[in-house]
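Data block below; observations after.
Laboratory data are not the source of any read-out in this text; all were calculated from the coordinates shown. Note that the structure is a prediction, hence the values are computed from the model and not measured. All Cβ positions, glycine included, derive from the backbone under ideal geometry; neighbour counts span all protein chains shown.
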């Protein structure tokens, strides 16, 4: 009796299997900014095209660059569901760069202080475990 061995191969693109140094948003592989953030390699760059992106970003503990097309051109809209950008998953280290974005409709997090509710971080929320994260910030109304 002849035995037949069947080998199955699963083909993954390098960006799916091991991350990518420069994912572009939007693209077939990365339709959202968050999907590209999760895939980018430490030290890499996420390039985001002009447009309005209705999503909230949660940053992992790795340093990389997140670059939009420019303020007023690449807009992050949190849709009144929390902070536009959140850093609370451990230190990202030096080398984290975010540039070329406008943020809107961020509501932040509500905490109870005494008998009052305090809302923090509508644009960017940085947890206390981050250490020295921001070395330069430019904001315009």
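Here are the numbers:
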quantity: Residues residue 29 and residue 120, FRET efficiency given R0 of 25 Å [Cβ-Cβ distance, rounded to 0.05]; calculated: 0.15
quantity: Difference of contour (0.36 nm per residue) and Cα-Cα distance, residue 81 to residue 69; calculated: 1.9 nm
quantity: Fraction of beta bridges assigned by DSSP in the range 19-130 that are antiparallel (%, nearest 5); calculated: 20
quantity: By average C-beta atoms within 10 angstrom, highest first, the peptides 118-126, 55-63; calculated: 55-63, 118-126
quantity: Percentage, to the nearest whole number, of Cα pairs in the range 19-130 over 18 Å apart; calculated: 49
quantity: Label-point gap, in nm, between residue 38 and residue 110 - each point 7 angstrom along Cα→Cβ; calculated: 2.8
quantity: Whole-number percent relative contact order across the range 19-130, with pairs defined as alpha carbons under 8 Å at least 6 apart; calculated: 22
